[in-house]
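Engineer: Dropping a structure here in structure tokens format, bear with me for questions.
The values are calculated or read from the model by the stated rules, or taken from the named source; none is laboratory data. Quick caveat: nothing in here was measured; it's all calculated off a predicted structure. Note: ideal-geometry Cβ built from the backbone for every residue, glycine included; neighbour counts use all protein chains shown. The protein model used for the area step is the full one, side chains on, heavy atoms only, and it has no ligands, DNA or RNA in it. Shrake-Rupley method; radii C 1.70, N 1.55, O 1.52, S 1.80 Å.
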Amino acid sequence: MVNSSTTEARVIYVLESDSERKKQLQTVLDFMGELVECHTQWLDDDQLDNALCIIAGDCIDDLEAVAVEYPNVPFICASKQHLNATRRVNVIGEITESLSYENLSHIIRYCQAYHRHLPSQRKHQEQTADLLEKRLVGQSHDIREIRKLIRQVAGSEANVLVLGESGTGKEVVARGIHELSPRSKGPFVPVNCGAIPPDLLESELFGHEKGAFTGAIGVRKGRFELAQGGTLFLDEIGDMPLPMQVKLLRVLQERIFERIGGSKSITADVRVVAATHRELEGMIADGRFREDLYYRLNVFPIEVPALRERSEDVPLLLREIAQRFKAERGIGVRLTDRALQSLEAHAWPGNVRELSNLIERLSITHPNQLVDVGDLPHKYRHVDSEEITPEYPDELEERDALNAIFSDDDEAEEELSESNATVLEASPADIPETGVNLKDMLAEIEVEMIKQALERADGVVAKAADLLSMRRTTLVEKMKKYDITKV
């Protein structure tokens, strides 16, 4: 069973020997709906752990010494005499003689804030905030509000209904609720109600006894049993058939269930979080979803927005998911600012799931590389792609020309054999005594080759580039360099 002390209301302890005063305090605080216990002697430490505050009457002789010993408890003086005798900050004030509602409600609110902001609580809140930011990435208003709702509901036992389109991260919300709850040490058991055939769903949820039906060769625990002490996440609850909805409602109401074929009642010590992408209120109107089950599940609704409604979170999500891929698989991907700008403008019909798939795809096509707009799949290009045409040194161009002329590629050699022979025959067999300018001679040969290739290709640059075994862009640059026009 889960320790519920963290979710129970705190107690106001009244330490007062004056019976009339004690009765007045008890009556007023009861009327305000507070939990009150009156004592005539000092408390046990176990009681102090659950104290909202202590109203200190004449049962405490040295209030200052007690306040020093228990700094995590706020004290309220029943008289000015006690208040004037101490200067401790956790002795927060006195109750006026009139016992006014305004005075008491102010003191109670202050005590609640005192517990909420204790250093130990602040540390816990910071840890939970960090955990949620890692789980639910984003800084948009909607996401910050969802993180706030998760923190508020996590400590309770209330059923939660998470609403949103497919791929928005509803299970992430459910896991966040579980991990911040008193049930975090128990199991988190997810069930996709739409993925299980209707005739098997009851067995999946509640389990079965041996021989309960054909094929039941042994006892099998259901998801409710497997989630004992933890959280059961019922995903796609809108796809649950009506007969099964009735059985689920009974479990939620009575907190007991039986395995199929069994008669023993099993207590359901389970916190239920359900989710759906369907419009349940419309399904209720059509008779496809039970209204009573809807209100039983919809105690605390959390609606997760579509990714297109929080486009400012896209760059953060991209970086976070890319880092996860890098940590898990050793392959990363980085995106330029223009690529991020383009992806931020995308509609993301598949939401966060689509974004995650894109990162996986880019990590395959561009592993550990910087991805620009032109590297993205066409449907993700929403800004102009800047073409980069590098310039290369002349020596590199000449080396490419030589490789093209004297390539060992059989096909290129066969196609240009006649022209090569002509040029080579025209070339001197020996270096003259006066020497030769090799660079100029190679340039002449290169110009002659390009002109012949253009002539043979009827001026089609792409075809001429194929004849010379070079890229079209390289041939265009060489034509500009040598001022060669199409034939």
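Engineer: Scan the stretch 40-79 residue by residue and report those that are small (Gly, Ala, Ser) and closer than 16 Å to Leu29 by Cα. Talk me through it step by step, then tell me what you get.
Structural biologist: Quick first cut of the stretch 40-79, residues small (Gly, Ala, Ser) only: 51, 56-57, 65, 67, 78-79.
Across the stretch 40-79, the qualifying residues are Ala51, Ala56, Gly57, Ala78.
Engineer: How many residues does the stretch 190-217 contain that are among the aliphatic types (A, V, I, L, M) and either open to solvent by less than 20 Å² (accessible area, probe 1.4 Å) or assigned to a strand (DSSP E or B) (or both)?
Structural biologist: Here is the first cut: in the stretch 190-217, the residues among the aliphatic types (A, V, I, L, M) are 191, 195-196, 200-201, 205, 212, 216-217.
Going one step further and asking which of them are either open to solvent by less than 20 Å² (accessible area, probe 1.4 Å) or assigned to a strand (DSSP E or B) (or both), we end up with 191, 201, 205, 216.
Selection size over the stretch 190-217: 4.
Engineer: Could we say that Asn357 is open to solvent by 50 Å² or more (accessible area, probe 1.4 Å), of a type outside the set (A, V, I, L, M) and not in a helix (DSSP H, G or I) here? Write out each step before concluding.
Structural biologist: Details: open to solvent by 50 Å² or more (accessible area, probe 1.4 Å): yes; of a type outside the set (A, V, I, L, M): yes; not in a helix (DSSP H, G or I): no.
Answer is no for this residue.
Residues are listed down the side, and each one gets a yes or a no for (1) within 15 Å of the chain's Cα centre (by Cα); (2) open to solvent by less than 10 Å² (accessible area, probe 1.4 Å); (3) not charged (D, E, K, R):
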site: Gly138; (1), (2), (3): yes, yes, yes
site: Arg144; (1), (2), (3): yes, no, no
site: Gly155; (1), (2), (3): no, no, yes
site: Leu161; (1), (2), (3): no, yes, yes
site: Glu165; (1), (2), (3): yes, no, no
site: Ala174; (1), (2), (3): yes, yes, yes
site: Lys185; (1), (2), (3): no, no, no
site: Phe188; (1), (2), (3): no, no, yes
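Engineer: What tally of residues in the stretch 98-144 results from selecting those that are touching a Leu at 6+ places or on another chain (Cβ under 8 Å) and at pLDDT below 80?
Structural biologist: Of the residues in the stretch 98-144, the ones touching a Leu at 6+ places or on another chain (Cβ under 8 Å) are 99, 104, 108, 111-112, 115, 128, 131-132, 137-139, 143.
If we keep only those that are at pLDDT below 80 too, we end up with 99, 128, 131-132.
Final tally of qualifying residues: 4.
Engineer: Residue check, Asp292 against (1) touching a strand residue (DSSP E or B) at 6+ places or on another chain (Cβ under 9 Å); (2) part of a helix (DSSP H, G or I), all met but one. Which one?
Structural biologist: Failing condition for Asp292: (1).
Engineer: Out of the residues in the stretch 218-234 that are modelled with pLDDT under 95 and under 15 Å from Leu200 (Cβ atoms), state the one that is least open to solvent (accessible area, probe 1.4 Å).
Structural biologist: Gly222
Engineer: I would also like to ask the following. Name every residue in the stretch 17-72 that is surrounded by 15 or more Cβ atoms within 10 Å (Cβ to Cβ), in contact with a strand residue (DSSP E or B) (Cβ under 7 Å, 6 or more places away or on another chain), in a helix (DSSP H, G or I) and not hydrophobic (A, V, I, L, M, F, W, C), in order of residue number.
Structural biologist: Result: Lys22, Gln26.
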